[in-house]
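Structure record follows, encoded as structure tokens.
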Amino acid sequence: MREILGKRRRLLFRRDSRRSEMLGAALTFATDWRWPVLPGVAPDPQGRARCGCPDPECTVPGAHPFDPGLLAATTDARMVRWWWGNRPTAPIVLATGDKAPCAVSLPAPAAARALAALDRQGMRLGPVVAAPTRWSLLVKPYSMEQLGELLYAKDHVPGSLRFHGEGGYLALPPSETGQGRIRWERAPLPGSSSPWVPDVEAVVDAVVEALTRTGVSAPEL
């Protein structure tokens, strides 16, 4: 009996700790950094690789908004507390663009090699979000026109690069999704102000050059 009670206490402690961790992270993003967030769809409890949304072919299980929709993203502390009070383990989804960071993402193996090459060059990077299959480099907000001009000027841009701009979204740490936990590969520096992020031009230029120089083939994922 004591062993059973002990296991229950440990499970309750881990559950409560996880809830506090998620709420604390969501409040930091929304109120300290002024990043608009909202709860994502939880993974299907019957199968971690599946999503809790109605789409049986969902390609980002547990890592996207559904109800509420993306337009509901907010920096209001009361709304954040209400959401994660009712859905304490929901993934934290960032609405990218406008006043929030955007992101450039690529497959994890290629991203790891690209970051190593950029480190050797001494390039300053901002936070990097790592999902099990893709890493996302946070950048300053950009317009679709700005992105189009940037890509048009390139001789070649790997098709595996993805751009999370205005109207997009990105799951943030420490969310649990159908593909696994989201973590910081490069964590923001501690402090109360919003983390510094580089311009999208600098990141795209550096990533494309790094992939070319290292001969990395970034497969479509």
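The values are calculated or read from the model by the stated rules, or taken from the named source; none is laboratory data. The structure presented is a predicted model; accordingly, all values stated were derived computationally and were not measured. With ideal geometry, Cβ positions are generated from the backbone for all residues, glycine too; neighbour counts draw on all protein chains shown. Remember, those area values only see protein heavy atoms, side chains included, never the ligands or the DNA or RNA. Shrake-Rupley method; radii C 1.70, N 1.55, O 1.52, S 1.80 Å.
General observations
- Candidates in segment 177-187 are the residues that are part of a loop (DSSP other than H, G, I, E, B) and open to solvent by 60 Å² or more (accessible area, probe 1.4 Å); of these, the one that is modelled with the highest pLDDT is Ala187.
- From Gly180, Gly159, residue being closer than 28 Å to Leu27 by Cβ and in contact (Cβ under 8 Å) with a residue 12 or more places away in the chain: Gly180
- Selected residue [in contact with a Phe, Trp or Tyr (Cβ under 9 Å, 6 or more places away or on another chain) and either open to solvent by 30 Å² or more (accessible area, probe 1.4 Å) or not aromatic (Phe, Trp, Tyr) (or both)] from Pro174, Pro198, Pro190: Pro174
- Looking only at segment 98-127, residues that are within 17 Å of Gly168 (Cα to Cα) and crowded, with 17+ Cβ neighbours inside 10 Å come to 7 in all.
- Residues in segment 56-69 that are out of contact with any Gly (no Cβ under 7 Å at 6 or more places or on another chain) and surrounded by 13 or more Cβ atoms within 10 Å (Cβ to Cβ): Cys58, Val60, Phe66, Pro68.
- Scanning segment 141-159 for residues that are among the hydroxyl-bearing types (Ser, Thr, Tyr) and touching a helix residue (DSSP H, G or I) at 6+ places or on another chain (Cβ under 7 Å) yields a single hit, Tyr142.
- Hits in segment 75-87 - residues which are surrounded by fewer than 16 Cβ atoms within 10 Å (Cβ to Cβ) and touching a residue at least 40 places away in the same chain (Cβ under 8 Å): Asp76, Ala77, Arg81, Gly85, Arg87
- Taking the conditions (1) open to solvent by less than 30 Å² (accessible area, probe 1.4 Å); (2) closer than 23 Å to Thr74 by Cα; (3) modelled with pLDDT of 90 or more in turn, Trp135 satisfies each one other than (2).
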